[in-house]
1. Of all residues in the range 281-294, count the ones that are of a type in the set (D, E, K, R) and crowded, with 19+ Cβ neighbours inside 10 Å.
2. Taking the conditions exactly as written (more than 14 Å from ligand 2 (Cβ to nearest atom) and of a type in the set (Val, Ile, Thr)), does Ile195 satisfy them or not?
3. If the requirement is being within 16 Å of ligand 1 (Cβ to nearest atom), at pLDDT 95 or above and surrounded by fewer than 23 Cβ atoms within 10 Å (Cβ to Cβ), which of these qualifies: Ala184, Ala218?
4. Looking only at residues that are within 16 Å of ligand 2 (Cβ to nearest atom) and among the charged types (D, E, K, R) in the range 92-144, which one is surrounded by the most Cβ atoms within 10 Å (Cβ to Cβ)?
5. So Leu291 fits all but one of (1) closer than 25 Å to Cys171 by Cα; (2) in contact with a Pro (Cβ under 7 Å, 6 or more places away or on another chain); (3) more than 14 Å from ligand 1 (Cβ to nearest atom); (4) not small (Gly, Ala, Ser); what number is the exception?
6. Return the pair list, or none, for Cβ contacts closer than 6 Å from residues in the range 124-150 that are on the phi > 0 side of the Ramachandran plot to residues that are more than 13 Å from ligand 2 (Cβ to nearest atom) and not aromatic (Phe, Trp, Tyr), at least 6 apart or on different chains.
7. Identify, by number, the condition in (1) part of a loop (DSSP other than H, G, I, E, B); (2) out of contact with any helix residue (DSSP H, G or I) (no Cβ under 9 Å at 6 or more places or on another chain); (3) surrounded by fewer than 20 Cβ atoms within 10 Å (Cβ to Cβ) that Ala41 doesn't meet.
8. Considering only the range 174-192, how many residues are outside any helix (DSSP H, G or I) and touching a helix residue (DSSP H, G or I) at 6+ places or on another chain (Cβ under 6 Å)?
Amino acid sequence: MTILEFARSKPAKAGDLPYTAEVAAKTDALYAKVEKLITPAEWRLHAPLIAAINDLKREKNAVILAHNYMTPEIYFGVGDFAGDSLQLAKQAAATDAKVIVQAGVHFMAETSKILCPEKTVLIPDLAAGCSLASSITGADVRLMKQKYKGAPVVTYVNTSADVKAETDICCTSSNAVEIVEWAAKEWNSDIVILIPDQYLAKNVAAMTDVKIVTWAGACEVHERFTVDDIRELRDGNPGIIVLAHPECPPDVLAEADFAGSTSGMSNFVKRHQPDKVVLITECSMSDNVSLENPKVNFVRPCNLCPHMKRITLTKILRSLQTMQHEILIDPEISTRARAAIERMIALPLTRQSMYTHAKAPQVLAVEARA
Ligand code: 13P
Ligand code: SF4
């Protein structure tokens, strides 16, 4: 029986599929990319799943969009495209495949479905959520719009379709500063509503004169990093370069050497090849970036995102076998949400947002549900 016949025939998990000569032939080149981190014994469990997923993908005309926080066996083994939220949204919009499997969290799969309503979009685990996305609803946004009449609403992509539908334009951490400034000009407003991440909003506020109103949301992974963590790291590793994600609190960003989206951090390492670096973000980032930059030494304190870590090879294979869990969105909400995402994608921005704390990270207000 070939690995494809095996994969077609029954649901499988690590250990059910044999490590055969066919599997080795199909996965040896992939193992070469990850062998510094994954032991041969672990690989013998991953490889049959990877071979089965890649064969089923071809049969079903599917692509796997893998976020930078996926574990290396997913990122390097089965991901057709990897990147940050903005890059994955652009890839979803551009792909010819009939099926998209989102190796990421629910809001990313919704974004793909909104951009490609005619395609089948699958999320391998429906419970892969996000503390930012669950912090706010469409009704919350409608109340904010009443309170700050005339102010444009810029919404981080880490939100539900319902929230995006109430939005003028979306942003990601790679373009938030430029989009806030663009929206203020376009709406001729000195106030912009930037939701739902209060820390991203404050970090943007440090880079612009636009007055920002935000929401009391936070990323449960990035809000846990502290200034003391960074100082201890610097004390223990003289000369280390500290890169942080803009979902971290502003005092943490102020201590970093560079802040940017997940791909912004990855590009920084590729370009500068520092001797020693730490990425103040989710754990799998350092694994993936270190494999792509073998000369750079990585110090690895990190926080796990429990939602991202719900996505495993076994669940990706199940998802392709059963075509579950399919993302479905109310067409009226989807159309409105799509306008906000497409507006972001269409803006001709030439550089990534920088977060160098040119001024105090002060926002006008942090709104919360009454
Ligand atoms: P990026 O857009 O930087 O990939 O961030 C997504 C995310 O969920 C970070 O926590
Ligand atoms: Fe959401 Fe934070 Fe996890 Fe990203 S890392 S998906 S923002 S909880």
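The values are calculated or read from the model by the stated rules, or taken from the named source; none is laboratory data. None of these values were measured; they are calculated from a predicted model. Positions of Cβ are generated from backbone atoms using ideal geometry, with glycine treated the same way; all protein chains shown enter the neighbour counts.
1. So the count comes out to 2.
2. Judged against the criteria, Ile195 is not a match.
3. Criteria check complete, one pass: Ala218.
4. In this case the residue turns out to be Glu110.
5. Of (1) closer than 25 Å to Cys171 by Cα; (2) in contact with a Pro (Cβ under 7 Å, 6 or more places away or on another chain); (3) more than 14 Å from ligand 1 (Cβ to nearest atom); (4) not small (Gly, Ala, Ser), only one is false for Leu291: (1).
6. Gly150/Ser189
7. Answer for Ala41: the failing condition is (1).
8. Pass one, the range 174-192, residues outside any helix (DSSP H, G or I): 174-175, 187-192.
The next check asks that each one be touching a helix residue (DSSP H, G or I) at 6+ places or on another chain (Cβ under 6 Å); those that pass are 174, 192.
The total comes to 2.
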